[in-house]
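Okay, structure first, notes after.
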Amino acid sequence: MQNQSREQGSLPIEAMGSKSKILVVDDSADNLSLQRTVLEIAGFEVHTANGALEALAILKSSLVINLILLDIQMEGTSGIEFLNLLSQDLPKI
């Protein structure tokens, strides 16, 4: 039986075809692990990066990412600095 509380018009992940791909960017291994677990249970394909440079490399690959979850207060390159790099290197994202 389908969940009756689901909003009208929303589809379960299985009905959307292939899994949506999420990139989680965080400098905390614990946060990456927790977010990966929760999102995979929810049915998403999860990719992780432990910093801005790793995230940029993933985004420059042929992998199509549907959503980026970004830690703003990372050491080294902050999330805000990452967004600036992203807009310069990959302006179509």
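Within the range 39-68, can you find the residues that are of a type in the set (A, V, I, L, M), under 19 Å from D89 (Cβ atoms) and surrounded by 14 or more Cβ atoms within 10 Å (Cβ to Cβ)?
Result: A49, A52, A55, L56, I58, L59, I65, I68.
Of the residues L34, L11, only one is at pLDDT 50 or above and either open to solvent by 90 Å² or more (accessible area, probe 1.4 Å) or assigned to a helix (DSSP H, G or I) (or both); which?
Within the list L34, L11, the selection yields L34.
Tell me, yes or no, whether the range 78-89 has at least one residue that is under 12 Å from the mean Cα position of the chain (by Cα), of a type in the set (G, A, S) and part of a helix (DSSP H, G or I).
No, that holds for no residue.
Can you tell me how many residues in the range 51-77 are without any contact (Cβ under 8 Å) to a residue 40 or more places away in the chain and under 12 Å from the mean Cα position of the chain (by Cα)?
Residues meeting the conditions: 3.
The values are calculated or read from the model by the stated rules, or taken from the named source; none is laboratory data. Here the structure is a predicted model, which means the values were calculated and not measured. Heads up, the Cβs are rebuilt from the backbone with ideal geometry, glycines too, and the neighbour counts pull from every protein chain shown. Note: accessible area is taken over every heavy atom of the protein model, side chains too, but ligands, DNA and RNA are not part of it. Shrake-Rupley method; radii C 1.70, N 1.55, O 1.52, S 1.80 Å.
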